[in-house]
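S.K.: My questions will all concern the structure given below.
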Amino acid sequence: EVEEAAKASHWAVLIAGSSGYGNYRHQADVCHAYQIMIKNGIDPDKIITLAVDDVANDDMNPFPGKLFNKPTGDGTPGTDVYAGCKIDYSGSMVTPETFVKVLTGDAAGLDGGKVLQSTKLDRVFVNFVDHGGVNIIGFPRTTMHARDLVAALTKMHSAGMY
């Protein structure tokens with residue numbers, strides 16, 4: 001058991017399911033999560049990030065090309081969480097379909113993009129940052145129903161992906 005645990009890897013799927021400057025915090029929180037994963041030794045090749053990526057360079061952003069996920073006191077510089085945040089799927093690729101493919105390890109139609117390749121020994125962290133409702137989670141142009149998410153998680157379990 002200890003020997004198996006030593007072979008385990010950590011994987012992360014980080015997703016901001018919204019778009020636009022009004023949802024700034026979603027993309028900032030995903031980039032912050034990315035930075036925490038890196039700081040704690042998670043292999044960047046095992047972190048898969050989905051975000052429309054339209055906030056950092058939005059005309060309304062007073063700090064072009066930067067994102068901050070928490071305020072700081074006057075005179076105290078904030079930490080730019082966008083710096084070094086690798087976004088694997090952006091723009092129109094942020095869909096329920098892409099999310100399911102990433103979770104279930106299905107690279108078909110993703111132009112060589114990263115998908116989970118985890119095993120039953122691995123730990124998989126999924127952080128979905130967005131608005132939701134009863135039995136749905138939001139995406140930029142649509143929603144995902146709970147039954148579809150449960151089906152993806154069930155498929156992952158059946159395939160021994162965690």
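S.K.: To the nearest 10 square angstrom, what accessible area does TYR162 show with a 1.4 Å probe?
M.R.: Only protein atoms counted, so the area is about 100 Å².
S.K.: Still on this structure, please answer the following. Would you kindly give the portion of the calculated P(r) for the chain that falls above 19 Å, as a percent of all Cα pairs?
M.R.: 57
S.K.: Can you give the net charge of the other residues whose Cβ lies under 10 Å from the Cβ of ALA56, counting K and R as +1 and D and E as -1?
M.R.: -3
S.K.: Then there is this: If you take the charge dipole of the chain about its Cα centre, with +1 on Lys and Arg Cβ and -1 on Asp and Glu Cβ, which of LEU67, ASN135, TRP11 is farthest toward its positive end?
M.R.: Result: ASN135.
S.K.: Same structure, new question: Report the Stokes-Einstein translational diffusion coefficient (µm² s⁻¹, integer) for segment 84-142, Rh taken as the Kirkwood radius over Cα pairs, at 37 °C with viscosity 0.692 mPa s.
M.R.: 252
S.K.: Another question about this same structure. Considering Cα pairs under 8 angstrom that are at least six residues apart, work out the relative contact order of segment 27-83 and quote it in whole percent.
M.R.: 37
S.K.: Moving to a separate point now. On a 1.4 Å probe surface of the protein chains, which of HIS131, HIS26 comes out largest in accessible area, and what is the full order?
M.R.: The ordering from most to least exposed comes out as HIS131, HIS26.
S.K.: Could you please state, rounded to a whole Å, how far the C-alpha centre of segment 1-80 is from the C-alpha centre of segment 88-162?
M.R.: About 17 Å separates the Cα centre of segment 1-80 from the one of segment 88-162.
S.K.: Here is a follow-up. Student exercise: in the chain, how many lysine pairs 8 or more apart or on different chains have Cα atoms under 16 Å apart?
M.R.: Close lysine pairs under the 16 Å cut-off: 12.
S.K.: Going from most exposed to least, what order do ARG123, ARG141, ARG25 have by accessible area with a 1.4 Å probe?
M.R.: Descending order: ARG141, ARG123, ARG25.
S.K.: Additional query: Kindly report, to the nearest 10 Å², the accessible surface of HIS145 as traced by a 1.4 Å probe over protein heavy atoms only.
M.R.: Answer for HIS145: close to 70 Å² accessible.
S.K.: Moving on. So what is the calculated 222 nm ellipticity per residue for the chain, using -39500 (n - 2.57) for each DSSP H run with n of 4 or more, over all residues, to the nearest 500 deg cm²/dmol?
M.R.: -8000 deg cm²/dmol
S.K.: Would segment 1-73 count as rounded, prolate or oblate if I go by the C-alpha gyration tensor, calling it rounded below 1.5 in a/c and otherwise prolate when a/b exceeds b/c, oblate otherwise?
M.R.: prolate
S.K.: Turning to a different aspect of this structure: Below 8 Å between Cα atoms, with a sequence gap of 6+, how large is the relative contact order for the chain in percent?
M.R.: With pairs under 8 Å counted, the relative contact order is 29 percent.
S.K.: Next question, about the same structure. Got a sec to turn the phi values of segment 80-92 into Karplus ³J(HN,Hα) couplings, 6.51 cos²θ - 1.76 cosθ + 1.60 with θ = phi - 60°, whole Hz, x for Gly and Pro?
M.R.: 6, 7, 6, 4, x, 6, 8, 9, 7, 10, 10, x, 6
S.K.: Heavy-atom accessible area of LYS46 with all protein chains present, probe 1.4 Å, nearest 10 Å²?
M.R.: Surface accessible to solvent at LYS46 totals approximately 50 Å².
S.K.: Now a separate question. Enter the accessible area per residue of segment 44-162 (Å², integer; probe 1.4 Å; all protein chains in place).
M.R.: Spelled out: the 1.4 Å probe surface of segment 44-162, per residue, equals 58 Å².
The values are calculated or read from the model by the stated rules, or taken from the named source; none is laboratory data. Bear in mind the structure is a predicted one, so any value in this text is a computation, not a measurement. Every residue, glycine among them, receives a Cβ derived from its backbone with ideal geometry; neighbour counts consider all protein chains shown. The accessibility values were calculated without ligands, DNA or RNA, using every heavy atom of the protein model including side chains. Shrake-Rupley method; radii C 1.70, N 1.55, O 1.52, S 1.80 Å.
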